[in-house]
Structures are given as structure tokens and as C-alpha cells.
Amino acid sequence: MKATILVVDDEPSILELVSFNLEQAGYSVITATDGHTGLSQAQSLKPDLIILDLMLPGIDGFEVCQEIRKSLKLPILMLTAKTDEVDKVLGLELGADDYLTKPFSPREMLARVKALLRRSTNFNETTTSEDLVRGHLFISTNKHQVTAKGELIQLTLTEFEILHLLATNPGKVFSRDFLLNRIWGEDFFGDIRTIDVHVRHLREKTEDDPSKPQYILTVRGVGYKFNEQVQ
């Protein structure tokens with residue numbers, strides 16, 4: 001079965017370039033040129049992945065991403081023509097799994113798409129992994145869900161993967177480089193600080209006091225670990 005990818009971008013040249021290369025790579029492509037249409041297609045068609053531009057007519061990519069995350073867990077690759085770090089960080093915090101800065105090469109775009117789809121498929125096919133209980137957190141691997149004190153937490157694919165990996169190995173320190181390679185794959189072209197953004201967002205969702213985390217701990221100069229003292 002072909003993976004279906006929704007591309008939302010108001011620039012005809014970008015839309016044509018991305019669509020052509022995706023189709024050549026064997027994907028089925030749906031397109032939209034404004035935020036309202038993109039959001040409607042995402043909610044009704046439920047594609048396997050969305051490539052979403054930030055600057056869109058109607059409603060922008062930030063709002064589209066935020067609305068999609070209220071009901072769907074599909075991977076989102078965000079496109080931006082800006083180099084402002086604030087835009088990239090905000091996109092990740094609103095639920096994007098990865099981002100590309102324009103201009104980008106088709107090879108880089110396809111590598112990101114392939115990595116996101118592989119990760120999404122791997123989790124969807126998981127049927128035998130054990131659930132995890134860590135303090136107030138209940139991590140259901142099979143359902144790809146996390147609850148805290150009985151309440152469901154909405155996590156992105158990337159956030160879930162980071163939390164699951166750390167919680168499965170309490171006390172083990174993972175470097176940022178390792179996390180990037182393990183979760184994004186060797187084809188990742190982005191900034192290593194991407195990990196920090198996702199961890200900060202995870203803490204905001206899972207910790208009583210994100211400024212004093214009890215679950216995901218920072219190991220200065222190295223990376224992160226899950227607190228082995230959590231019972």
C-alpha cells in the first residue's frame with residue numbers, strides 16, 4: 001500500500017516540486033494551498049503524513065498544526081522560509097515532528113519523509129511490547145498512549161518515542177547525538193537542539209513542576225536519562 005502524504009503550501013513552485021518528487025518516490029499525494037483546506041483534508045482524509053508550510057493564507061501553519069494535534073497523531077513535517085529559530089521552536093512545540101528550512105533539496109525532503117513514515121509504521125506495528133509504569137505515568141506501548149494520574153496526555157510521535165526510550169532504560173544516559181540517530185535516523189540534517197525542544201515540551205506535559213523535573217533528568221554536558229529512583 002502506498003503511503004498518502006498531504007502537502008499544504010501556497011507557493012505553486014514548491015507544491016509542484018514536492019508533489020513531483022514524492023510521486024516519483026512512490027507516494028500518493030494530496031495537495032492544499034491554504035490553511036483551512038489543509039486542515040479539512042487532514043481531518044477527513046487522515047493521511048499518513050503531512051508536509052505543512054508555516055506561512056499560509058487563511059490560517060497559518062502554526063494554527064493548522066495545533067488543530068491537527070487535538071485529534072490526530074500522524075507525523076507532521078513543517079516547512080519554513082524563515083531562519084528565525086523562534087519559528088522552528090514554536091513549530092515543534094505546537095506538535096510538528098520535524099522541520100525543513102526553504103530552500104531544501106528533494107533528497108533531504110525525501111529522507112525526512114522516509115524517516116518519519118518508518119518511525120510511525122514501526123510504532124503502529126508494535127503489538128507485543130510491555131506497558132510501562134513509572135511513577136504517575138502509565139505508558140501503553142501497544143496503544144501509543146501515555147496517561148498521568150489517570151488523565152490522557154496528548155504526545156506527538158517524537159515525544160512518545162523519546163519518553164518510551166528513556167523510560168524503558170531508567171538510569172541509562174543517552175546523548176543528544178544518540179537520540180537523534182536512534183529516533184530520526186542517520187539521514188537527519190537538523191540541529192541537535194531539536195532534542196532539547198522536545199524534552200522541554202515533554203516535561204511541560206508530564207511533570208508537576210517542569211522547572212524541577214522528576215522523570216526526565218538532564219545530565220549536564222551529555223544528554224538525558226529517566227530517573228531510576230522513580231517507583
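Computed from backbone phi with θ = phi - 60° and the Karplus coefficients 6.51, -1.76 and 1.60, the 3J(HN,Hα) list for segment 49-56 is 7, 10, 9, 10, 6, 6, 8, 10 Hz; x is used for glycine and proline.
5 Å is the cut-off here: which amide hydrogens, built 1.01 Å from N in the peptide plane, fall below it relative to THR31, excluding neighbours closer than 5 in sequence? Counting only residues 5 or more places away or on other chains, the set is VAL7.
Among VAL64, VAL18, sorting on how many other beta-carbon atoms sit within 10 Å of each Cβ, with the fewest leading, yields VAL18, VAL64.
By the beta-carbon count within 10 Å of each Cβ, the least crowded to most crowded order of ILE68, ILE51, ILE59, fewest first, is ILE59, ILE68, ILE51.
Output the 0 to 90 degree angle, nearest 10, between the alpha-carbon long axis of helix 157-168 and the longest principal axis computed from the alpha carbons of the chain. Between helix and principal axis, roughly 20 degrees.
Pairs of lysines in the chain whose Cα atoms sit within less than 21 Å of one another amount to 27, provided the residues are eight or more positions apart or on different chains. GNM remark for the chain: springs join alpha carbons under 10 Å apart, and the peak mean-square fluctuation among SER19, SER40, SER211 falls on SER211.
Projected over all directions and averaged, the alpha-carbon convex hull of segment 4-124 occupies 6.6 nm².
Seen against the Cα atoms of the chain and their longest principal axis, helix 106-124 is set at about 50 degrees. Largest GNM mean-square fluctuation among GLY61, GLY95, GLY26, using the chain with Cα springs under 10 Å: GLY26.
Measuring between their Cα centroids, segment 194-231 and segment 30-49 lie 33 Å from each other. Exposed loop sites here are trypsin sites (Lys or Arg not before Pro) in DSSP loop states with at most 13 other C-beta atoms within 10 Å. What is the longest stretch of the chain lacking them? The longest uninterrupted stretch comes out as 3-69. Shown for segment 132-226 is the translational diffusion coefficient from the Stokes-Einstein equation, using the Kirkwood radius over Cα pairs, a temperature of 25 °C and a viscosity of 0.890 mPa s: 181 µm²/s. Angle check, please: helix 194-206 long axis (alpha carbons) against the longest principal axis of the chain (alpha carbons), in degrees 0 to 90, nearest 10. Approximately 60 degrees, to the nearest 10. Helix content alone sets the calculated 222 nm mean residue ellipticity of the chain: runs of n ≥ 4 DSSP H residues at -39500 (n - 2.57) each, divided across all residues, give -11500 deg cm²/dmol. Restricting segment 130-231 to GluC sites (Glu not before Pro) that sit in a DSSP loop and have at most 13 other Cβ atoms within 10 Å of their own Cβ leaves GLU130, GLU186, GLU228.
Readers should treat all values here as calculations from the given coordinates under stated rules, not as data from a laboratory. These numbers come from a predicted model, not from an experiment. Ideal geometry is used to build each Cβ from the backbone, glycine not excepted, and the neighbour counts take in all protein chains shown.
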